[in-house]
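These notes concern the structure reproduced below.
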Amino acid sequence: MAIIWDPDKYVGQFYAPDRRDDTTMAWLIGELADWPGGGHALDLGTGVTVAYWAAAAAVVDQITLADYTPAYLAIQRSWIEDATGAPDWSNYIGMALRYAGLPSDAAAVAQRAALARARVAGLMPCDLTRPDPLGAAHRGRYDLVLGLYCAESIAGSRVEWRGWMRHAFSLLRPGGRYIGAALGNCSYYCVGAQRFGHIPVSAGDYRAVMLEYGFAATDLRITTVPEQFPDDAELARQMRAVYGYDETIFAAGRLTEAPDAAR
């Protein structure tokens, strides 16, 4: 019987409403700090997480959300429309404001949420297995592409992963920026007691695939952040077994060459 990925359990485990810090959010805000403003962003494989695209929406003119799974897009739409029962992401929106050094009181959070909702240009189906994940009309269209915790969790091999990353890069215009994050050296991750497959990739894998595609070596920023485990060795071992990973990879860069369909 197929294991069902539960969005509510996932959000509850990784995005608890009382969480005060988030390494991915801190890094993302830092990457967006020098964004010149404006442009069209794409959150590729948006899933059910509002936190990161809402932060990016603050610095662009518009953002498109894309995912393979219609149910995930429906969850995103419920938040965008502020529907009854929609997920509450106010804690993470406030966190993004704090990381940016901005007021994060209730009024500021409400204003930022309204801004994020207003800047959504649309929700689209996508398929990273296709050379044109959103269709040929979207090749080379976006100024900024977010690819957060996506391709590694669905690819069946490193070969597939490299191909699918190239498909993602093809959506950038020349000079556009890619911002990605992945679980490092991870063969699985857990949501509750359920285990889900994941392709082990490293910072070196990210560097290689981005340089190969045409990202500027001088503007490539790839780093890893170790997961924080307790000093107690046995407890740390148990937590590693549950988590399935021990570091997070962050990768960002600017595309210098026009996307080439032959790649």
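Out of Arg98, Arg117, one residue alone is surrounded by 13 or more Cβ atoms within 10 Å (Cβ to Cβ), farther than 22 Å from Ala181 by Cβ and either in contact (Cβ under 8 Å) with a residue 24 or more places away in the chain or out of contact with any Gly (no Cβ under 6 Å at 6 or more places or on another chain) (or both). It is Arg117.
Conditions tested, residue by residue: (1) in contact (Cβ under 8 Å) with a residue 60 or more places away in the chain; (2) farther than 24 Å from Ile154 by Cα.
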residue	(1), (2)
Ile29	yes, yes
Thr64	yes, no
Ala86	no, yes
Leu102	no, yes
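The criterion of at least 2 residues that are among the β-branched types (Val, Ile, Thr) and at pLDDT 95 or above is met, among strands (runs of 3 or more DSSP E) falling completely within the stretch 39-133, by 62-67.
When Arg112, Arg117, Arg141, Arg98 are screened for being touching a strand residue (DSSP E or B) at 6+ places or on another chain (Cβ under 9 Å) and charged (D, E, K, R), only Arg141 passes. When the test is whether a residue is modelled with pLDDT of 95 or more and surrounded by fewer than 19 Cβ atoms within 10 Å (Cβ to Cβ), Gly12 does not pass it. Just to be sure before I move on: is Leu28 in a helix (DSSP H, G or I) and under 18 Å from Tyr149 (Cα atoms) in the structure I sent? Yes, satisfied. If you go through the stretch 134-148 and keep only what is assigned to a loop (DSSP other than H, G, I, E, B) and either in contact (Cβ under 8 Å) with a residue 60 or more places away in the chain or touching a Lys or Arg at 6+ places or on another chain (Cβ under 7 Å) (or both), you end up with Leu134, Arg139, Gly140, Arg141.
Looking across Arg177, Arg173, one residue alone is at pLDDT 90 or above, part of a strand (DSSP E or B), under 16 Å from the mean Cα position of the chain (by Cα) and crowded, with 16+ Cβ neighbours inside 10 Å. It is Arg177. Within the set Pro200, Pro226, the sole residue that is modelled with pLDDT of 70 or more and surrounded by 15 or more Cβ atoms within 10 Å (Cβ to Cβ) turns out to be Pro200.
Anything in the stretch 75-95 that is hydrophobic (A, V, I, L, M, F, W, C), surrounded by 15 or more Cβ atoms within 10 Å (Cβ to Cβ) and more than 13 Å from Trp53 (Cα to Cα)? List them, or say none.
The initial filter retains those residues of the stretch 75-95 that are hydrophobic (A, V, I, L, M, F, W, C), namely 75, 79-80, 83, 86, 89, 93, 95.
Narrowing the set further to residues that are surrounded by 15 or more Cβ atoms within 10 Å (Cβ to Cβ) leaves 75, 79-80, 86, 89, 93, 95.
Ile75, Ala86, Met95, listed by residue number.
Hey, any hits in the stretch 240-251 for a residue that's of a type in the set (Phe, Trp, Tyr), at pLDDT 85 or above and touching a helix residue (DSSP H, G or I) at 6+ places or on another chain (Cβ under 8 Å)? Checked the stretch 240-251: at least one residue is of a type in the set (Phe, Trp, Tyr), at pLDDT 85 or above and touching a helix residue (DSSP H, G or I) at 6+ places or on another chain (Cβ under 8 Å). Counting only residues that are within 16 Å of the chain's Cα centre (by Cα), surrounded by fewer than 18 Cβ atoms within 10 Å (Cβ to Cβ) and charged (D, E, K, R), the stretch 142-165 holds 0 of them.
The values are calculated or read from the model by the stated rules, or taken from the named source; none is laboratory data. Keep in mind it's a predicted model, so treat the numbers as computed, not measured. Positions of Cβ are backbone-derived with ideal geometry, glycine not excepted, and every protein chain shown enters the neighbour counts.
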